[in-house]
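Data first, discussion second: the structure below is written as structure tokens.
The values are calculated or read from the model by the stated rules, or taken from the named source; none is laboratory data. Note that the coordinates shown come from a computational prediction; the quantities given were computed from them, not determined experimentally. Here Cβ is always computed from backbone atoms with ideal geometry, including for glycine, and neighbour counts include all displayed protein chains. Remember, those area values only see protein heavy atoms, side chains included, never the ligands or the DNA or RNA. Shrake-Rupley method; radii C 1.70, N 1.55, O 1.52, S 1.80 Å.
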Amino acid sequence: MTPIDFEAAYAPLWAELEAVVRVAETRRKFDGARLATLYRRVCEHLALAQARAYPIHLTQRLEGLTQSAHRLIYRQHDYGLARFARLALVDFPEAVRAHRGYLLVSALMFVLPLLAAGWAAYRDPGFILHLLDASAVRQFDSMYGDGAESLGRTRNASDDWQMFGFYVMHNIGIGFRCFAAGIFAGVGSAAVVVFNGVQIGAVGGYLIASGHAGNFCSFVVTHSAFELTAIVLAGAAGLRLGYSWVAPGRHTRLEALRLAARHAVVIVYGVIGLLLIAAAVEAFWSSARWIAPAVKYGVGGACWALVLAYLGWQGRPRAAAAAVAKADEHAG
């Protein structure tokens, strides 16, 4: 079955699901049984379209439909901890994988400038002055040096809680800018992601070249697994917004933007969670100088592996859905 024939055969059913979802989002009472039935059928169609490598616009439409219906079905029953658990264990990692194209672009826009700026600052420490003023550079030297004012030397419990609050506001502010700036055709998100990559890389390269590699690397290795991942994910969500504005497809630009925001907001929820974890780790673990650097490196490596495994494998659909799709493919 060609993509054109496939779409012609099932387009009425997809349109019906879109209508049911629209009604369900605006009214409390709707035909839940019909919604569930249509949801199962469209999930089968999505699996089939992915297996046959149908055009991206077709799979994206089906992904959007199934995600919208999924949220409507499960929000009627999941409250409190159960709903939070589903968001953390299923919806968020699924949404990340559904946006893998945007995620790849965001990761490249962050990592490549980070490496380039880091290398430039390592080769020429004076490069950092193109990005930061001299007072800020001296502050970094003091923070990551071995003196009494460096990180972890003079902090007590109340200071840790104060820094936790600061890190929460700072980190979430960065994540929000990465996402919200996407409304400007994606250019804003790209600019924020690239800027953060350049700044983080330049600071890291300068500190390593200045002889503070041990203090700096042992400090950032653990919380960076959550913080840097969150920045890239927020950028990917912003790029999704921007793409919907540039290429709205069959929708108006405002409608496409609204649909994209509804799908991307699941990623934003996860980004907030990652940034809260990063803030807690940075305040209470990363700055603790009494913990041996080797221990921090080990825990940091485990955190990176955990984050990548979580986003890559957590919440994947069961094999039964693939079996149904395969049967439908042979029947078609």
Return one whole number: the accessible area per residue of the chain in Å², for a 1.4 Å probe. 52
So W313 and L129, fully extended at 0.36 nm per residue minus their Cα-Cα distance, gain in nm 62.0 nm
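Relative to the present Cα-Cα distance, how much length would full extension add between L104 and A294 at 0.36 nm per residue of separation?
Additional length available on full extension: 65.3 nm.
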Using the crude model of +1 on Lys and Arg Cβ and -1 on Asp and Glu Cβ, and no other charge, please compute the dipole size for the stretch 165-276 relative to its Cα centre, in debye to 20. 400
Highest-MSF residue in the chain out of G175, G273, G235 [GNM, Cα springs under 10 Å]: G273
How high is the FRET efficiency from A15 to A185, r the C-beta distance, R0 30 Å, rounded to 0.05? 0.55
GNM result for the chain, Cα springs below 10 Å: residue of H57, H212, H45 fluctuating most strongly: H57
Do the sum for the chain: with -39,500 (n - 2.57) for every DSSP H run of n ≥ 4, divided by all residues, what is the mean residue ellipticity at 222 nm, to the nearest 500 deg cm²/dmol? -26000 deg cm²/dmol
Determine the sum of side-chain charges near A190: Lys and Arg each +1, Asp and Glu each -1, restricted to other residues whose C-beta is under 14 angstrom from that of A190. +2
Kirkwood Rh (inverse of mean 1/r, distinct Cα pairs), the stretch 210-283, angstrom: 14.0
I want to verify a result. In a Gaussian network model of the chain, Cα cutoff 10 Å, which of these has the top mean-square fluctuation: I208, I267, I56? I56
Using Cα pairs under 8 angstrom and six or more residues apart, how large is the relative contact order of the stretch 206-320, in percent? 41
Modelling each spin label as a point 7 Å along the Cα-to-Cβ direction, I'd like the R40/L115 distance in nm, to one decimal. 4.8
Place a label point 7 angstrom from the Cα of F166 along the Cα-to-Cβ direction, then list the residues of the stretch 283-310 whose backbone nitrogen is under 15 Å away. 283-288
Cβ-Cβ FRET estimate between R97 and Q199, R0 fixed at 45 Å, reported to 0.05: 0.95
Count charges around I231 for me, please; just the other residues with Cβ under 15 Å from its Cβ, Lys/Arg as +1, Asp/Glu as -1. -1
Taking r as the C-beta separation of Q60 and F284 and R0 as 41 Å, the FRET efficiency to the nearest 0.05 is 0.50
What part of the accessible area of the chain, given as a whole %, is carbon or sulfur when the probe is 1.4 angstrom? 66
